[in-house]
Amino acid sequence: MIDIFNELYTLVVNALTSYDENIATSSVYQNVPSKYPFVSFEEIENYPYENGMDDGDIENFVNVEYEINIYTQLPQKKSEGESIANVVDALMKSKGFVRRTKTPLQDSKETTYRIVMRYGGVVSKDNVVYRR
C-alpha cells in the first residue's frame, strides 16, 4: 500500500510550528480540542487508482484525500483561522494536492471558529503527487 501520510503530516506540523509555535496539532480529529488554536490533519481516503494497476494487480498509484480541521477562538477567531488555513493551503498546493473544499463553521455560542479543508490527489509508488 502506498502511504505518504506520516511524511505529509510532519511537513504540515513543521509549517504550522514555524508560523506559530502555539498551534496544537493532532493526526486524529477532535470535536472539542483542549487547546486553541488547534489543527487536526487526517487521511480520510486511500484507495487504488485502478487505471494505474498493472497486469499483476500491483498498486502503482493511489487516490488520497486529506481533511484538515482548524479551530480558533475569540477574539481574533476568523482572521487567525484564515491565516492558519493559508499556511496549510500553501503547503498542500506546493506538494501537488488540489483543494476540494474549504468550509467555515461556527459553534452555537459563536465563540469557536472552525474551518474544514479537504485536499486530494493521486500518489505514485515513487511518492509523486498528481492532480486527478
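The values are calculated or read from the model by the stated rules, or taken from the named source; none is laboratory data. Note that the coordinates shown come from a computational prediction; the quantities given were computed from them, not determined experimentally. Glycine gets a Cβ as well: all are built from the backbone with ideal geometry, and neighbour counts include every protein chain shown. Each accessible area value is taken on the protein alone, full model and side chains, heavy atoms only, with ligands, DNA and RNA left out. Shrake-Rupley method; radii C 1.70, N 1.55, O 1.52, S 1.80 Å.
Descriptive notes on the structure:
- Within the stretch 23-63, considering residues that are touching a residue at least 60 places away in the same chain (Cβ under 8 Å), open to solvent by less than 60 Å² (accessible area, probe 1.4 Å) and among the β-branched types (Val, Ile, Thr), the one farthest from Arg100 (Cα to Cα): Ile23
- With respect to (1) without any contact (Cβ under 8 Å) to a residue 24 or more places away in the chain; (2) open to solvent by 90 Å² or more (accessible area, probe 1.4 Å), the lone exception for Leu105 is condition (2).
- Members of the stretch 12-22 that are open to solvent by less than 60 Å² (accessible area, probe 1.4 Å) and not small (Gly, Ala, Ser): Val12, Val13, Leu16, Asp20
- All of Phe38, Phe5 fail the test of being more than 11 Å from the chain's Cα centre (by Cα) and at pLDDT 95 or above, apart from Phe38.
- When Ile58, Ile44 are checked against the criterion of being aliphatic (A, V, I, L, M) and not in a loop (DSSP other than H, G, I, E, B), a single residue qualifies: Ile44.
- Scanning the stretch 83-100 for residues that are of a type in the set (A, V, I, L, M), under 16 Å from Asp20 (Cα atoms) and surrounded by fewer than 17 Cβ atoms within 10 Å (Cβ to Cβ) returns a single hit, Ala90.
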